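Reading through the structure tokens given below for one structure.
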Amino acid sequence: MKTHRMGEEVAPDSTRSTRYFCPRDIEFGTAQTSSMESNTDFAWDLGSRPSRLRFVVALIATCLVACSGHDGRSGLDSTSSTAPTPTDAAATSSTEAPPTSGSNPTPSEVDPYVGVLPAAPTIGTTTDEWFAAPDGLRRHFRLYVPSSVGQVDARPLLIALHGGLGTSAQFATNSGFDGLAESNGFVVVYPDGIGARPDGSGYQTWNGGYCCGPAARLDVDDVSFVRALIDLIESRMEIDPDRVFAAGHSNGAIMAYRLACELSDRIVAIGIQAGSLGVDECEIQAPVSVLHIHGTADANHPIDGGRGAGIAGVVFRSARVAVRRLAEADGCESGPLLQSNPSWPDIEIRTWTGCEGVAEVRLITVDGASHAWMGHAAASAMATGFVGGPYPGFDSSRAIWSFLSLHPRRSD
């Protein structure tokens, strides 16, 4: 077991990035915060009256422009539907993506989508449920089971973590993972974080360590929640324990890193966009493969850490440092090897290999890409104004599933 401290790696400048989120399902960016910053707890304490007024005006305008659909955290304890959702990746994935895995790239090139079928219509089953977490909090999750479950034995499981002030329903819409789950035969669950209200409702955040919001401030045990959620799903259907993965965006990406460090006996690999390592010590019991995607123009969570855009936030740590720390924790002996593909001139891929348990760590940087989830349409023009337009030529969801599916746990 290896331990790495991150205390000295914090970027020197504070970073503020703001996610405005209407009281439904649309996520607009990252309103990250931290218990380390007093009296700046984004939506809950914006400081001066003018700041609060600006937030309320922006929030109302955002809701008028973009909010639609139902709240994924409301209603009965369990609801289900087998009707296709309006979020099929065929409608949201980039139409400008370069050639896929059929292009047979040379060894010097990398195909980020290798082995992954395009998204299919979501004809499986969707349920929204609540259950009591180990700490006694009542927690919500959204589960998508593809129509092919039951036709084969064990299935992979993807735990998809929304960003700060997002929700399970929002991230399902924004990522399009349901469509990929249908075409590629994996189960995907979208847990919800914790809100500021006494019952945990409201704008959702994760306790990724140094970030974010009430979840971090109250030191919510989100790691135990995810462990219990895995147990619950495994009690209902056959899940392959060597293919239990986590994906996340922003605050959800920070949470995924924490799972890699503190739940490595269950989490086999993580694939994230726009995050950092939020815990000071990373103790892994088993190697965890990592794919980290980050835009060089991400103003909400700068790739090198530091102050970001917005009126509230945290001192973000460096994404590059996070990747290196996981490579060290995994005992990687080679790398990073710089790779590219002429079809993606804006993309650089750095890979660490020779890791314990045949794990692999990879950083994909996308020149000019913003904080928005790549390859999927923005919720509205207002959303683009807050976090930038989504980079159209690269699909984070498809690249993440490609990497995760190729990295099950192996002994050697």
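The values are calculated or read from the model by the stated rules, or taken from the named source; none is laboratory data. All values reported here derive from a predicted model rather than from experimental measurement. Cβ sites come from the backbone with ideal geometry, for glycine too, and all protein chains shown count toward neighbours.
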Next item on the list: Sort out which residues of the range 324-352 are of a type in the set (A, V, I, L, M, F, W, C), over 23 Å from A286 (Cβ atoms) and assigned to a loop (DSSP other than H, G, I, E, B), and write them in order of number.
Entry: W344
Margin query: Being in contact with a Ser or Thr (Cβ under 6 Å, 6 or more places away or on another chain) and free of Cβ contacts under 8 Å to residues at least 40 places away in the same chain is the filter here; which residues of the range 366-388 pass it?
Written below: A378
Checklist line | Evaluation of W344 against (1) buried (at least 19 other Cβ atoms within 10 Å of the Cβ); (2) on the phi > 0 side of the Ramachandran plot (one fails), failing number | finding: (2)
Next item on the list: Filter the range 161-179 down to residues that are of a type outside the set (A, V, I, L, M) and not in a helix (DSSP H, G or I) and give me whichever is nearest to R217 (Cα to Cα).
Entry: G164
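Name the single residue, out of those in the range 288-312 being out of contact with any helix residue (DSSP H, G or I) (no Cβ under 7 Å at 6 or more places or on another chain) and assigned to a strand (DSSP E or B), that is modelled with the lowest pLDDT.
If we filter the range 288-312 for residues that are out of contact with any helix residue (DSSP H, G or I) (no Cβ under 7 Å at 6 or more places or on another chain), which is where we start, we get 289, 295-299, 301-302, 305-310.
Still in the running and assigned to a strand (DSSP E or B): 289, 295, 306.
On the way: S289: 98, G295: 98, G306: 90.
Among them, the one singled out is G306.
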Margin query: For the condition modelled with pLDDT under 95 and under 19 Å from the mean Cα position of the chain (by Cα), what is the one hit in A399, A383?
Written below: A383
Check: Restricting to helices (runs of 4 or more DSSP H) lying wholly in the range 180-274: which have 2 or more residues that are surrounded by fewer than 19 Cβ atoms within 10 Å (Cβ to Cβ)?
Finding: 222-236
Notebook entry, point to check: If a residue has to be surrounded by fewer than 20 Cβ atoms within 10 Å (Cβ to Cβ), of a type in the set (S, T, Y) and in a helix (DSSP H, G or I) to count, how many in the range 373-412 make the cut?
Noted result: 1
Margin query: Let me confirm something: among A215, A256, which residue is under 21 Å from F141 (Cβ atoms), without any contact (Cβ under 8 Å) to a residue 24 or more places away in the chain and small (G, A, S)?
Written below: A215
